[in-house]
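Taking it in order: structure first as structure tokens, then the write-up.
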Amino acid sequence: MKKVFGRPVSLTDVPFTYCPGCHHGIAHRLVAEVLDEFGVRENTIGVCPVGCSVFAYLFFNCDMVCAAHGRAPAIATGIKRSRPDSIVFTYQGDGDLASIGTAEIVHAANRGENITVIFINNAIYGMTGGQMAPTTLAGQITQTSPYGRDPKTMGYPIRVSEMLSTLKGATYISRVALNKPANIIKAKKSIKKAFQVQLDRKGFSLVEILSSCPTNWGLSPVEASKWVEENMIPYYPLGEFRVPEEVA
Amino acid sequence: MGEKILMKGNEAIGEAAIRAGCRYYFGYPITPQSELTAYMAKKLLKMKNAAFIQAESEIAAINMVYGAAATGVRAMTSSSSPGISLKQEGISYIALAELPCVVVNMMRGGPGLGDIQPSQGDYFQATKGGGHGDYHLIVLAPSSVQELVDLTMDAFDLADKYRNPVMILGDGLLGQMMEAVEFKERPKVDLPDKGDWIITGCKDREPRHIVPFDLDPSVLEKWNYNLGEKYKKIKEKEVRYEAVNTENAELIIVAYGTVARIVKTVISNAKEEGINIGLIRPITLFPFPEKVINKTADNVKKFLVVEMSLGQMVEDVKLSVNGKAEVNFYGRAGGIIPSPEEILKEVKKCL
Amino acid sequence: MAKIVIDEERCKGCELCLTACPKHIITMSDNFNKKGYHPAKQINPEECSGCAFCAITCPDVAIEVFK
Ligand SMILES: Cc1ncc(C[n+]2csc(CCOP(=O)(O)OP(=O)(O)O)c2C)c(N)n1
Ligand code: SF4
Ligand code: SF4
Ligand code: SF4
Ligand SMILES: [Mg+2]
């Protein structure tokens, strides 16, 4: 018998520090598989955020730089501009990318930086114990929206992919989910496309990944995956929002 | 010998940086340093293996420097006081990550949006850390356009030598001033090889990480101690100052940058009135020239610190003098430059 | 013929593989692993198709698949 599925080389042996059932781990593995499949691990520089994935530098088996909260796209810009032949990706949560780092992501996209952004939307601040994120759903209860998010005073959840796809500089933008095998397979394809865009030097690519946070949602991992299906996907539709213009 | 050319301070910094091998500049416009940003745009956008980005903010600019510096290239950003405040987060990360880079601050009046006139109100911020945590920049304080050039070039060498961010602390006056400068042939300096730490992709080696944190306090304490050791070495080796007429002076003025220029006029004006005063001009603000000030206090019993602030460097002078002499202070704030006449009046008050 | 190998020590007992398996042949063990979780285990291995749904769903990359 042959091994048909195993740990990608682009992941180290270090066990993930994520909670049981947290989708961060699936997202890591998919990115690592894509790096393996393109054979670019040794030419890749990743930038990890502040958030639960602050330790991602221990998990990805490639050169990694840790960013200040929200600043990963700016750091990735500095790296990519000085090493245009390296493959550069950021891995960011929704507090990181869509709140404190809004300016950095918008302008990296607008400049068409040739980097790939892996954006983990789990509708919450995981690391700090479950506060409201810009992506927290209307009515969702968190530590800082204890009576449910009231859009009238707390704003509506931001649809980052849709927002960024209005920018001409962005080349590839998609939203995927990891709540069931069929979606995981699609997510992998999308991440692969995003890196392909970078390899082809076509510009900015971002994959928004709807992801679970069983711990701070107060759900079991199985219930949390269901919650993604029932609550997140209806508000955050899956699909490609921007694809490279084919050169005729 | 290079030829002398007439240049504006801000542009001279840009030219010096490029001649020092800096090809990566990230900045955000702010008066009174915008000519530097424009100069870098004009030059770097036409160069190969180079990048100029007008960033979306000073926060983004310093983080672009962080990324570029991590790959081993010479990178730089510049701003003026309010923009430097925004860069503090990034500078603190860069300090712990021990990445070499150069940050220029052409100070203007503060606090707040303040004004756009020359000031020295950011001395504390520059020399005591500025951002959060226990760290220091190497801080160089030029007082002429020629020195802007020389110190900018030195700044890149010092940054590489110590893997530490270096700040050029000038002010709006120096940035706007036109003076003849010479881009001198510089002796080759031996700098440590960056090959063993830069982030380039892990081909033929283990992956590397640039990690400005460790949640284990015993590890983080060790890193802090290592930084402390580095700062100690910098204090031993890199102090620079200029001493003018310190022998037999009745009073020593301590001043840096633009103010030190004015004090030189005060010294000759005073001489005409039969008053013999001297100047100690710190060129490095960190490390501060405390030894020479302390030694001078053995013979001279009166000091006057003059700053374009309410009194910041005066604290370091007092620490250096350590009670051996009287330390007076005169300052103008909010972007006002003290005149030679008013400084001389202060000198007379002290005597 | 297919088989899966679950690394019990990597497993965090989240049960996502259990819901992902179309053949319903994964269950949770009564034993504890070193981290204190009940690891997943396969029952009726002869029914395994090697589809790897369990493995691609596992957040801790604890499952290998052989075919
Ligand atoms: C400047 C700054 N502000 C606040 C924090 C505290 N902080 C750490 S992680 C985090 C939120 C992370 O949430 P998210 O980006 O959604 O990532 P997740 O943990 O959910 O994956 C915050 C606010 C910080 N580290 N730095
Ligand atoms: S707190 Fe939430 S996001 Fe963070 S590791 Fe746990 S489950 Fe995942
Ligand atoms: S490989 Fe498929 S059939 Fe076999 S245990 Fe896993 S999910 Fe079930
Ligand atoms: S999905 Fe992985 S971690 Fe979760 S129970 Fe199954 S084997 Fe264990
Ligand atoms: Mg989050």
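The values are calculated or read from the model by the stated rules, or taken from the named source; none is laboratory data. Keep in mind that this is a model prediction, so the values were computed, not measured. Here the Cβ positions follow ideal geometry from the backbone for every residue, glycine too, while neighbour counts run over all protein chains shown. When the accessible area is computed, the model is the full protein with side chains, heavy atoms only, and any ligands, DNA or RNA have been set aside. Shrake-Rupley method; radii C 1.70, N 1.55, O 1.52, S 1.80 Å.
Report whether or not residue A:242 is surrounded by 15 or more Cβ atoms within 10 Å (Cβ to Cβ), more than 16 Å from ligand 2 (Cβ to nearest atom) and modelled with pLDDT of 95 or more. In short, yes.
Just one of the listed residues (C:51, C:11, C:21, C:17) is within 11 Å of chain A (Cβ to nearest Cβ), in contact with a His (Cβ under 9 Å, 6 or more places away or on another chain) and open to solvent by less than 70 Å² (accessible area, probe 1.4 Å), namely C:11.
Can you tell me how many residues in segment C:24-42 are near ligand 3 (Cβ under 9 Å from one of its atoms), of a type outside the set (Val, Ile, Thr) and either loosely packed, with under 15 Cβ neighbours inside 10 Å or in a loop (DSSP other than H, G, I, E, B) (or both)? Looking only at that region, the number is 1. For segment B:246-274, the candidate set comprises residues that are in contact (Cβ under 8 Å) with a residue 24 or more places away in the chain and on the phi > 0 side of the Ramachandran plot; within that set, the residue that is least open to solvent (accessible area, probe 1.4 Å) is B:257. Could you tell me whether residue A:119 is surrounded by fewer than 24 Cβ atoms within 10 Å (Cβ to Cβ), under 20 Å from residue A:193 (Cα atoms) and either touching a helix residue (DSSP H, G or I) at 6+ places or on another chain (Cβ under 7 Å) or modelled with pLDDT under 95 (or both)? For residue A:119, the condition - surrounded by fewer than 24 Cβ atoms within 10 Å (Cβ to Cβ), under 20 Å from residue A:193 (Cα atoms) and either touching a helix residue (DSSP H, G or I) at 6+ places or on another chain (Cβ under 7 Å) or modelled with pLDDT under 95 (or both) - is not met.
Residue A:119 meets all of the listed conditions (1) touching an Asp or Glu at 6+ places or on another chain (Cβ under 7 Å); (2) within 7 Å of another protein chain (Cβ to nearest Cβ) but one, namely (2). The single condition from (1) outside any loop (DSSP other than H, G, I, E, B); (2) facing another protein chain (nearest Cβ under 8 Å) that residue A:68 fails is (1).
For segment B:189-200, residues that are surrounded by 11 or more Cβ atoms within 10 Å (Cβ to Cβ) and not hydrophobic (A, V, I, L, M, F, W, C) total 3.
Only one entry of B:222, B:203 meets the criterion of being open to solvent by 50 Å² or more (accessible area, probe 1.4 Å) and outside any helix (DSSP H, G or I), and that entry is B:203. Note on segment B:115-160: among residues that are part of a loop (DSSP other than H, G, I, E, B) and within 15 Å of residue B:313 (Cα to Cα), the one that is modelled with the lowest pLDDT is B:129.
Taken over segment B:276-306, the criterion of being under 18 Å from residue B:119 (Cα atoms) and more than 15 Å from the chain's Cα centre (by Cα) is satisfied by B:305, B:306. Filtered by the rule that a residue be within 7 Å of chain B (Cβ to nearest Cβ), part of a helix (DSSP H, G or I) and either polar (S, T, N, Q) or over 22 Å from residue B:47 (Cα atoms) (or both), segment A:71-82 gives A:77, A:82.
The single condition among (1) crowded, with 24+ Cβ neighbours inside 10 Å; (2) touching a residue at least 60 places away in the same chain (Cβ under 8 Å); (3) touching a Lys or Arg at 6+ places or on another chain (Cβ under 9 Å) that residue B:68 does not satisfy is (2).
If you go through segment B:211-259 and keep only what is farther than 27 Å from residue B:98 by Cβ, out of contact with any Lys or Arg (no Cβ under 7 Å at 6 or more places or on another chain) and among the hydrophobic types (A, V, I, L, M, F, W, C), you end up with B:243, B:249, B:252, B:253, B:254, B:259.
Could you grab me the full set of residues in segment A:83-114 that are assigned to a helix (DSSP H, G or I), open to solvent by less than 20 Å² (accessible area, probe 1.4 Å) and over 12 Å from residue A:170 (Cβ atoms)?
Selection gives A:94, A:95, A:96, A:97, A:98, A:104.
When A:19, A:48 are screened for being open to solvent by less than 20 Å² (accessible area, probe 1.4 Å), out of contact with any His (no Cβ under 6 Å at 6 or more places or on another chain), within 16 Å of ligand 2 (Cβ to nearest atom) and touching a residue at least 40 places away in the same chain (Cβ under 8 Å), only A:48 passes. Among the strands (runs of 3 or more DSSP E) confined wholly to segment B:12-108, which include 1 or more residues that are closer than 28 Å to residue B:334 by Cβ? Where strands (runs of 3 or more DSSP E) fall fully within segment B:12-108 and carry at least 1 residues being closer than 28 Å to residue B:334 by Cβ, they are B:24-27, B:75-79, B:101-107.
Condition check ((1) under 23 Å from residue A:68 (Cβ atoms); (2) within 14 Å of chain B (Cβ to nearest Cβ); (3) more than 16 Å from ligand 5 (Cβ to nearest atom)) across all residues:
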position: A:85; (1), (2), (3): no, yes, yes
position: A:111; (1), (2), (3): yes, yes, yes
position: A:130; (1), (2), (3): yes, no, no
position: A:184; (1), (2), (3): no, no, yes
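Here residue A:232 clears all of (1) under 18 Å from the mean Cα position of the chain (by Cα); (2) at pLDDT below 95; (3) not charged (D, E, K, R) except the condition numbered (2).
Does segment B:15-44 hold any residues that are open to solvent by 20 Å² or more (accessible area, probe 1.4 Å) and within 12 Å of another protein chain (Cβ to nearest Cβ), and which are they? Within segment B:15-44, B:23, B:28 meet the criteria.
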